[in-house]
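The values are calculated or read from the model by the stated rules, or taken from the named source; none is laboratory data. Source: prediction; values computed, not measured. Cβ atoms come from the backbone with ideal geometry, glycine included; neighbour counts cover every protein chain shown.
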């Protein structure tokens, strides 16, 4: 393992079909004072309003909310891409939104979030690809790896739909393949640490 | 040599491209939000088969056709008619009653792109009996987008969504009452643009557009940085009449902007504001 690793500064997650269940398994593991910002793209219908953020916020210690214009990045907040908007990392302090065309028929698209986050955080980024029925996220994961970031993929065997994690696995050599139950504790272990969490 | 990561190097390339666009053509994108701007530039770069962003420079400086394509990429946001039906519902319920109190109305669609929202508003005001007293101003910096808006012709495959949005927005008739199907496209009826003035106007560099009762500028500010957002919001404030309305996109807000104190909130969720 590298000894000169810089500390992780942000987490990005992408999830599609089966996402509600997966996010409900993972996000409750993160404490209210979690030190890192978490950005999440969940594919969903264009008119699905703020229901998902409200539901997750009610069930998690960490704050979960939809990103607005000029949203300032803070640790201890999960920023959900609003339905029908792409979510991007603008700089180390700010998020951005766009209604540019869908990517992989998706808006928000995981690739758009991952690629913009990789540009800003480089090797200080952890990207997580979860259950889903398309290949969104694999191009973004490649970008994250190319800039030195870490990629975690949900074990396809534990995914409700295995297409998306499998697509990422075939696109890049990932850092960890974890079951759904292992992902939450893994991310919680990144809390303020510059090292890989001890494997259990 | 200064040590640079790949993203830092690309950032420098973007600076050079923006400098060239500004100095050669007068279009200033330096205060656009970077992340999306970069995606758009990269897309054009790939389509042209160029390996790096800076490879666009020689083409950019000498090839007008290439620049036109690039400008189209930078401006055309493909939206839908009646995007966010709840917004139009709220407009009918909270803004239209106030509009009725004015004998003559001026409505400005700032950054109207290809015109979908303009026609949505024209239909809404027709149904509310206000169309005849309204003058519409539809502006964009991109004259190609504006030409599409003026034609009012859209691909047939988008119409199903338009019609569904229209119904959900509280539409009083049938969407087909306002459009004519022709081959693989539909044309919005010419009556809907009779009272529209289409004009080139650049929010970055141009000035006040006077005495508006209603300004609609949805999902434009999200593409700007904070400095440009404030400039544009000040421009809107100064272009509105006393008690005039400003409508922004669902994720855009006046909060924390330089004009926050100059507006009251009419509907927080649908981002409808009124000048004090």
Kindly indicate whether residue A:92 is within 12 Å of chain B (Cβ to nearest Cβ), at pLDDT below 95 and in contact with a helix residue (DSSP H, G or I) (Cβ under 9 Å, 6 or more places away or on another chain). yes
When you scan region B:249-257, do you find a residue that is away from every other protein chain (no Cβ under 14 Å) and either at pLDDT below 95 or not in a strand (DSSP E or B) (or both), even just one? no
Let me confirm something: among B:51, B:103, which residue is part of a loop (DSSP other than H, G, I, E, B) and closer than 27 Å to residue B:241 by Cβ? B:103
Please pick out the residue among B:159, B:208, B:186, B:204 that is in contact (Cβ under 8 Å) with a residue 24 or more places away in the chain, exposed (fewer than 14 other Cβ atoms within 10 Å of the Cβ), away from chain A (no Cβ under 14 Å) and more than 22 Å from residue B:96 (Cβ to Cβ). B:208
When you scan region B:1-19, how many residues do you find that are away from chain A (no Cβ under 12 Å), closer than 22 Å to residue B:222 by Cβ and more than 27 Å from the chain's Cα centre (by Cα)? 0
Considering A:146, A:188, A:171, A:127, which residue is within 19 Å of residue A:26 (Cα to Cα), at pLDDT 95 or above and out of contact with any strand residue (DSSP E or B) (no Cβ under 9 Å at 6 or more places or on another chain)? A:188
So residue A:97 ticks every box in (1) surrounded by fewer than 24 Cβ atoms within 10 Å (Cβ to Cβ); (2) within 12 Å of another protein chain (Cβ to nearest Cβ); (3) touching a helix residue (DSSP H, G or I) at 6+ places or on another chain (Cβ under 8 Å) but one. Which box is left unticked? (1)
Report, by residue number, each residue of region B:20-63 that is more than 24 Å from the chain's Cα centre (by Cα), free of Cβ contacts under 8 Å to residues at least 24 places away in the same chain and over 22 Å from residue A:113 (Cα atoms). B:23, B:48, B:49, B:50, B:51, B:55, B:58, B:59, B:62, B:63
One residue from B:148, B:126, B:139, B:205 being outside the structural domain of residue B:71 (by TED's automatic domain parsing), outside any strand (DSSP E or B) and at pLDDT 95 or above: B:126
Determine which single condition residue B:33 fails, assuming it passes every other condition in (1) within 14 Å of chain A (Cβ to nearest Cβ); (2) modelled with pLDDT under 95; (3) within 24 Å of residue A:98 (Cα to Cα). (2)
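Condition test on residue B:70, is it buried (at least 23 other Cβ atoms within 10 Å of the Cβ), at pLDDT below 95 and under 30 Å from residue B:47 (Cβ atoms)?
For residue B:70, the condition - buried (at least 23 other Cβ atoms within 10 Å of the Cβ), at pLDDT below 95 and under 30 Å from residue B:47 (Cβ atoms) - is met.
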Would you mind stating whether residue A:43 is crowded, with 23+ Cβ neighbours inside 10 Å, under 25 Å from residue B:83 (Cα atoms) and out of contact with any helix residue (DSSP H, G or I) (no Cβ under 6 Å at 6 or more places or on another chain)? yes
Selected residue (criterion: farthest from the other protein chains (Cβ to nearest Cβ)) from residues of region A:100-116 that are within 10 Å of residue A:41 (Cβ to Cβ) and within 12 Å of the chain's Cα centre (by Cα): A:110
Could you please tell me which pairs satisfy a Cβ distance under 7 Å, a separation of 6+ or placement on different chains, a first residue in region A:15-26 that is closer than 12 Å to residue A:55 by Cα, and a second residue that is surrounded by fewer than 18 Cβ atoms within 10 Å (Cβ to Cβ)? A:24/A:59
Condition (residue is surrounded by fewer than 24 Cβ atoms within 10 Å (Cβ to Cβ) and without any contact (Cβ under 8 Å) to a residue 24 or more places away in the chain) applied to region B:111-120: is it met by at least one residue? no
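Report whether or not residue B:76 is modelled with pLDDT under 95, under 21 Å from residue B:143 (Cβ atoms) and within 14 Å of chain A (Cβ to nearest Cβ).
For residue B:76, the condition - modelled with pLDDT under 95, under 21 Å from residue B:143 (Cβ atoms) and within 14 Å of chain A (Cβ to nearest Cβ) - is met.
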